[in-house]
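Reviewing the structure listed below.
The values are calculated or read from the model by the stated rules, or taken from the named source; none is laboratory data. Computed from a predicted model, the values in this text were never measured in an experiment. When we count neighbours, we look across all protein chains shown, and the Cβ atoms used for this are built from the backbone with ideal geometry, even at glycine.
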Amino acid sequence: MTAGDMYKVDIELAGNINNEIVKNAKMVNRGVKEADFRVIHNMLIPSVLVELGFISTLDRSKLVSNEYIEIFATSIYNGNVNTTVVNNQRYKADYENIS
């Protein structure tokens, strides 16, 4: 979920994290949602909230399993790295075109 001031990057970051979680945890792709949560509002850096499942429907053993905790953490990390690498390449290309 996203509502920060870096909207385009927020959406890209959320999508990358979502794709990694779906791929690595073999979860259903529920897509990226938008909402105006205070914790990600007026941020100067890309910001998203990650929902890893619904306690009412998710097998609770996944939420506390060391294997799934590692999968979730790695997926969030990889989503961040993918977004950062792509944006750094864009910024570098933009800077080189200015010079």
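On the stretch given as segment 41-92, residues that are within 20 Å of A14 (Cβ to Cβ) and among the small types (G, A, S) total 5.
N88 falls short on exactly one of the conditions (1) modelled with pLDDT of 85 or more; (2) more than 15 Å from Y7 (Cβ to Cβ); (3) not aromatic (F, W, Y), and that condition is (1).
If the condition is being at pLDDT below 95, of a type in the set (S, T, Y), part of a helix (DSSP H, G or I) and surrounded by fewer than 16 Cβ atoms within 10 Å (Cβ to Cβ), then segment 51-85 contributes S61, T84. The number of residues in segment 34-72 being over 23 Å from M6 (Cβ atoms), of a type in the set (A, V, I, L, M, F, W, C) and in contact with a helix residue (DSSP H, G or I) (Cβ under 6 Å, 6 or more places away or on another chain) comes to 1. Checked against (1) at pLDDT 90 or above; (2) of a type in the set (G, A, S); (3) touching a helix residue (DSSP H, G or I) at 6+ places or on another chain (Cβ under 6 Å), G31 passes all but condition (3). The set of residues in segment 4-46 that are outside any helix (DSSP H, G or I), surrounded by 15 or more Cβ atoms within 10 Å (Cβ to Cβ), free of Cβ contacts under 8 Å to residues at least 40 places away in the same chain and in contact with a strand residue (DSSP E or B) (Cβ under 9 Å, 6 or more places away or on another chain) contains only V32.
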